[in-house]
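K.L.:
Submitted below is the structure of interest, expressed as structure tokens.
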Amino acid sequence: MELWPWLIAALLLLLLLAQLSRSARFYAKIGLYCAFCFTASAMAAVVCLLRHGGRTVENMRIISWFVRSFKYAYGLRFEVKGRETLDEDRPCVIISNHQSILDMMGLMEVLPDRCVQIAKRELLFLGPVGLIMYLGGVLFINRQQSQTAMSVMTDVGERMVREKLKVWIYPEGTRNDNGDLLPFKKGAFYLAIQAQVPIIPVIYSSFSSFYSCKTKLFTSGTIQVEVLDAIPTRGLTVADVPKLLDTCHQAMRTHFFHISKIPQENGAPLGPDTQEAQ
């Protein structure tokens, strides 16, 4: 029995549903995005192995090139302000807000040279995606075992200074699309103080005008990206972590509301549905 007629019929049905249903369009685009991720990861892994032979932060240039091409398929634009702060030749901790699976595109759009990410260990087992993360030098931590995670962070601090690495961390710890920032976890700030390197906050505007899981919205759009001035940690100690965390959170939250054009009153967004209304 011929399989091709059934495949063509299934594809035509999918296209018809995508035209008729907003939810179908949303899930079709998400599925395509995941397919892009797996395919690009497999292709990039081959190039990385041929070019550098194994795991190295230099592979991030190759990975970045592949991922940056995704934006053309989805009609997304990034407008970046302050990129030169990221490009300075020095070790640092970079922190940014974390909204959705699309953040990877935003990350690769501004990723500076010799920059690696901190990621949860579970991602290592995502087939070609886990492989390309490993080849790119991503540092995996087991968040279920705090002692192991702390040991990894200690090693990272030493490597940052020794190898002049930049480390990218999402201090919220999980994706968040509620129109505000979640409270920050302390790991990034301990790391910066331990290594005595500056923290550079990076803010991405709200995706809500073109992407929302709640309303099954996924269209084209523009993301504003703002790189804030570096915050020094020289001379700070562990006792200064809460103050440093609060300083970064307040600055990033203020800029997030500003570039997302979310109105505020007394430091809070106006109403729970403000983000959806933008």
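K.L.:
Calculate how steeply helix 59-68 sits against the longest principal axis of the alpha-carbon atoms of the chain, using the helix alpha-carbon long axis, and give the answer as 0 to 90 degrees to the nearest 10.
P.N.:
50 degrees
K.L.:
Name the residue from Met60, Leu49, Thr222 whose Cα lies farthest towards the positive end of the charge dipole of the chain, charges +1 on Cβ of Lys and Arg and -1 on Cβ of Asp and Glu.
P.N.:
Of the listed residues, the answer is Leu49.
K.L.:
Could you calculate the FRET efficiency of Glu122 with Val238 from 1/(1 + (r/R0)^6), where r is the beta carbon distance between them and R0 is 35 Å, rounded to 0.05?
P.N.:
On the way: r = 29 Å, r/R0 = 0.82.
The pair Glu122/Val238 has a calculated efficiency of 0.75.
K.L.:
How far apart, in nm, are the 7 Å Cα→Cβ label points at Lys261 and Thr174?
P.N.:
Computed distance between label sites Lys261 and Thr174 equals 3.1 nm.
K.L.:
Residues of the chain: accessible area per residue at 1.4 Å, in Å²?
P.N.:
Values: 14660 Å² over 278 residues.
Computed with neighbouring chains in place, this is 53 Å² per residue.
K.L.:
Does segment 22-102 come out rounded, prolate or oblate, given a ≥ b ≥ c as the square roots of the eigenvalues of its C-alpha gyration tensor, rounded meaning a/c under 1.5 and, failing that, prolate meaning a/b above b/c?
P.N.:
Verdict is oblate for segment 22-102.
K.L.:
If you roll a 1.4 angstrom probe over the protein chains with everything in place, what fraction of the accessible area of the chain belongs to carbon and sulfur, to the nearest %?
P.N.:
Accessible surface attributable to carbon and sulfur in the chain totals 59 percent.
K.L.:
For segment 44-51, take each phi angle, set θ = phi - 60°, evaluate the Karplus expression 6.51 cos²θ - 1.76 cosθ + 1.60, and give the result in whole Hz per residue in order, putting x for glycine and proline.
P.N.:
Result, ordered by residue: 5, 4, 4, 5, 4, 5, 5, 7 Hz.
K.L.:
Determine the sum of side-chain charges near Phe207: Lys and Arg each +1, Asp and Glu each -1, restricted to other residues whose C-beta is under 10 angstrom from that of Phe207.
P.N.:
-2
K.L.:
Also, quick follow-up: List, in order, the whole-Hz ³J(HN,Hα) value for each residue of segment 226-242 obtained from phi through the Karplus relation with A = 6.51, B = -1.76, C = 1.60 and θ = phi - 60°; use x for Gly and Pro.
P.N.:
Residue by residue, segment 226-242 yields 10, 9, 7, 4, 5, 9, x, 10, 4, x, 7, 10, 4, 5, 8, 4, x Hz.
K.L.:
List the lysines whose Cα sits under 25 Å from the Cα of Lys185, skipping any in the same chain fewer than 8 residues away.
P.N.:
Hits, sequence-local ones excluded: Lys120, Lys164, Lys166, Lys243.
K.L.:
Follow-up question, since we're still on this one. Would you pull out the residues with amide H under 5 Å of Trp168's amide H, same chain only if 5 or more places away, H placed 1.01 Å from N?
P.N.:
Hits under the 5 Å cutoff: Ile94, Val116, Gln117, Ile118.
K.L.:
Right, another one. Kindly write out, for segment 192-204 in residue order, the coupling ³J(HN,Hα) from the Karplus curve 6.51 cos²θ - 1.76 cosθ + 1.60 (θ = phi - 60°), rounded to whole Hz, with x marking Gly and Pro.
P.N.:
Along segment 192-204, the couplings run 5, 6, 4, 8, 6, 10, x, 9, 10, x, 10, 10, 10 Hz.
K.L.:
Any lysines with Cα under 24 Å of the Lys216 Cα? List them, leaving off those in the same chain fewer than 8 positions away.
P.N.:
Of all the lysines, those that pass the test against Lys216 - Cα under 24 Å, at least 8 places apart if same chain - are Lys29, Lys71, Lys261.
K.L.:
Sticking with this structure for a sec: Mind pulling the per residue volume of the convex hull built on the Cα atoms of segment 100-221? Å³ is fine.
P.N.:
Numbers: hull volume 15.8 nm³, N = 122.
Enclosed volume per residue, from the Cα hull, is 130 Å³.
K.L.:
Based on the Cβ-Cβ distance from Lys164 to Ala28, what FRET efficiency comes out when R0 is 30 Å, to the nearest 0.05?
P.N.:
Details: r = 43 Å, r/R0 = 1.43.
Efficiency at R0 = 30 Å is approximately 0.10.
K.L.:
What residues have an amide H closer than 5 Å to that of Lys81, excluding those fewer than 5 places away on the same chain, when H is modeled at 1.01 Å from N in the peptide plane?
P.N.:
Excluding prolines and chain starts, which carry no amide H, the hits are Val225, Glu226, Val227.
K.L.:
Could you compute the longest span of the chain free of GluC sites (Glu not before Pro) located in DSSP loops and having at most 12 other Cβ atoms within 10 Å, not counting the site residues?
P.N.:
Values: sites that count: Glu2, Glu88.
Excluding the exposed sites themselves, the longest stretch runs over 89-278.
K.L.:
Which listed residue (Leu76, Ala40, Trp168) has the Cα farthest towards the positive end of the charge dipole for segment 23-178, taking +1 on Lys and Arg C-beta and -1 on Asp and Glu C-beta about the Cα centre?
P.N.:
Among Leu76, Ala40, Trp168, the one farthest towards the positive end of the dipole of segment 23-178 is Ala40.
K.L.:
To continue, here is another question. With the convex hull built on the Cα atoms of segment 174-264, state its orientation-averaged projected area in nm².
P.N.:
6.5 nm²
The values are calculated or read from the model by the stated rules, or taken from the named source; none is laboratory data. Fair warning: this is a prediction, and the values are worked out from it, not measured in the lab. Positions of Cβ are generated from backbone atoms using ideal geometry, with glycine treated the same way; all protein chains shown enter the neighbour counts. With ligands, DNA and RNA removed, areas are computed over all heavy atoms of the protein, side chains included. Shrake-Rupley method; radii C 1.70, N 1.55, O 1.52, S 1.80 Å.
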